[in-house]
């Protein structure tokens, strides 16, 4: 039986690390006027052109409410466009606009600076192992 303390609390450790790393990326990406979540949304939309809200939510592993909240400023600032997909009034396809592509290109420079800072401090092999394990955790634990 485990007794509770931060040293043996998996959730606490993962959330603390996520907050720390998010702050690093926020510091860099703020120079491009996007948050780490918005950056990830722009990348996902560049990769999967014309995704529906449901498809984007699945790619991002986000609930619809959180996704809508994160998308709102991107839509308002003209970085993402939404249009009916032709299969139903409530189904929208999301796509990067020309301004969205330009902002993503700009933000990529700051993302690379954050990525390099993290890897320089943590170590490139350790960062690669951590990434691999986090993706495995997301894939395997979400099935449980």
Per the helix-only model, the chain has a calculated mean residue ellipticity at 222 nm (DSSP H runs of ≥4, -39500 (n - 2.57) each, divided over all residues, rounded to the nearest 500) of -22000 deg cm²/dmol
Based on the alpha-carbon gyration tensor of the range 33-87 and its eigenvalue square roots a ≥ b ≥ c, which shape applies: rounded if a/c is under 1.5, prolate if not and a/b is larger than b/c, or oblate?
rounded
Rounded to the nearest 0.05, what FRET efficiency is calculated for residue 30 and residue 7 with R0 set to 30 Å and r the Cβ-Cβ distance?
0.40
Let me check the size of the range 1-54 from its C-alpha atoms; what are the radius of gyration and Dmax in Å?
16.4, 49
So if we plug the beta-carbon distance of residue 98 and residue 68 into 1/(1 + (r/R0)^6) with R0 = 25 Å, what FRET efficiency do we get, rounded to 0.05?
0.60
As a test of understanding, state the convex hull volume per residue of the chain from its alpha carbons, in Å³.
144 Å³
Normalising by the residue count of the chain, find the relative contact order in percent from Cα pairs under 8 Å and 6+ residues apart.
24 percent
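Since every read-out is calculated from the coordinates, none of them should be taken as a lab result. No experiment lies behind these values; they were computed from the predicted model shown. Using ideal geometry, Cβ is built from the backbone for each residue, glycine included, and neighbour counts are taken over all protein chains shown.
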